[in-house]
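Single-structure report; data block below.
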Amino acid sequence: MPSELTVPLMLFVAVLMDQLLGEPQRFHPLAGFGSLTRQIEKELYRGNHLSGVLAVSALLIPFAMIACVLQRLAFLGPLFSIVVLYLAIAPRSLREHAWRVSDAADLSDARKAVGMMVSRDTGELDESGVARAAVESVLENGNDAIFAALFWFLVGGAAGVLLYRLANTLDAMWGYRDERYNKFGWAAAKLDDVLNYIPARLTALSYALLGNSGCAWRCWREQAKNWESPNAGPVMAAGGGALQVMLGGGAHYQGRFEQRPHLGCGKPAERGDIARAVRLVQSALYLWLFAACMGALLVRGAYHGA
C-alpha cells in the first residue's frame, strides 16, 4: 500500500474502532496515567511555576519518546498508532452522553445526565439551561476529544496525539486558578492552550462551513475574544452561530455564580438542539476524514508526478 495512504487509513480504522467498541469501560490507560499524575504531584508539588514545569516534563517527555520509537517499527508501528488514536478520541462516548440528556424522561434525569458532561452545578437548571450546557459540552469536546487529537495525529503520529491527550489530561487535573494550582498548574494549562490553538480554529472553521456560515463567522469574529478560554471561545462561538442558538450566559460553579459572555445567535438552546449539535460534530468528523484522504491523494499525485 502506498505510504501516502497509510495515515488516512489509520484514521479510518481508529474511528471505526471507536464506533464499534466505544471507550474501554475498564482499565483505560488514561485512568492509569491519572494515578501516575497524582503520584508525581505528591512527589514534586512545591506550589510554584518551576515545580509545575518539572512535573509536566517528567510525565510527558518519556511517554512521547517511547511513542516516537514504537510508531517507527515496521509492523507494530501502524498497529500501535491505531490503538493510541482509538484511545485518544471519543466521538461515540460524546454522542452517547449527549443522547442521555436529550432522551431523559424528565428534567431531573436530564440534570443528572448533563452533570456527567459539565463541571457546573446542574441541580437547579431549567430545560433551556440543561440544553445550553449539553450543546456547549458537545461543541467544545468535539474539539478536545476528537479534532485536536486527529490534528496532532496527522502532525506527529502516535507521539503527537499521545503528547496532546496527556497534556489535555494534565490541564483537566491541574489547570485550575485556585490557591493550590494557580502556579503549579500554570505549565499544564499553557501547554494545553498552545497545543489546542490551531485545532480549535480548524474545528471552528469546520462548524462554520457545515452550519449557518454567515452567523458562525460573525459570532466567531465578534464574540470569541470575550471568552476566558482562547480556544473554547472560537469553537463555541462558531458552533453556536452555525446552529443559530444562544450559548454562554450565567452559570453556577461550586456554588459560585459566574456571568459568562453570550455566544452564538438566534433562539435560546432547546432540547432538540442537542441532537443538532451532535450531528454537526459528526458531520465535521466526516469532513476531516475526507480532507485527510484528499490530502494524501494530492501528496501521492505530486510525489509521483515529480
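The values are calculated or read from the model by the stated rules, or taken from the named source; none is laboratory data. Small disclaimer: the values here were computed from a predicted structure and weren't measured. Backbone-built Cβ (ideal geometry, glycine too); neighbour counts: all protein chains shown.
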Taking A88 as the residue in question, decide whether it is of a type in the set (G, A, S) and within 22 Å of A148 (Cα to Cα).
yes
Pairs needed: first member in the range 37-59, in contact (Cβ under 8 Å) with a residue 24 or more places away in the chain; second member anywhere, of a type in the set (V, I, T) and surrounded by 13 or more Cβ atoms within 10 Å (Cβ to Cβ); C-beta distance under 8 Å; at least 6 residues apart or different chains.
T37/T169; A55/I40; L59/T37; L59/I40
Report, by residue number, each residue of the range 202-244 that is among the hydroxyl-bearing types (S, T, Y) and not in a helix (DSSP H, G or I).
S229
Could you please tell me which pairs satisfy a Cβ distance under 7 Å, a separation of 6+ or placement on different chains, a first residue in the range 152-168 that is at positive phi, and a second residue that is crowded, with 24+ Cβ neighbours inside 10 Å and in a helix (DSSP H, G or I)?
G157/S81
If we keep just the residues of the range 12-47 that are of a type in the set (K, R) and in a helix (DSSP H, G or I), which is surrounded by the fewest Cβ atoms within 10 Å (Cβ to Cβ)?
K42
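Conditions (1) under 20 Å from M10 (Cβ atoms); (2) modelled with pLDDT of 95 or more, marked per residue:
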| residue | (1), (2) |
| --- | --- |
| W99 | no, yes |
| A158 | yes, yes |
| A172 | no, no |
| E179 | no, no |
Answer yes or no as to whether A88 is farther than 25 Å from G295 by Cβ, of a type in the set (A, V, I, L, M) and surrounded by 17 or more Cβ atoms within 10 Å (Cβ to Cβ).
no
Find all pairs meeting these conditions: Cβ atoms under 6 angstrom apart; at least six residues apart or on different chains; first residue within the range 262-291 and free of Cβ contacts under 8 Å to residues at least 40 places away in the same chain; second residue in a strand (DSSP E or B).
H262/G248; H262/G249
How many residues does the range 263-291 contain that are surrounded by 15 or more Cβ atoms within 10 Å (Cβ to Cβ) and touching a strand residue (DSSP E or B) at 6+ places or on another chain (Cβ under 9 Å)?
10
Out of the range 174-188, which residues are part of a helix (DSSP H, G or I) and more than 20 Å from the chain's Cα centre (by Cα)?
Y181, N182, K183, F184
If you scan the range 292-306, which residues turn out to be surrounded by 15 or more Cβ atoms within 10 Å (Cβ to Cβ) and either free of Cβ contacts under 8 Å to residues at least 40 places away in the same chain or in contact with a Ser or Thr (Cβ under 9 Å, 6 or more places away or on another chain) (or both)?
A296
Of the conditions (1) at pLDDT below 95; (2) buried (at least 16 other Cβ atoms within 10 Å of the Cβ), S51 fails just one. Which one is it?
(1)
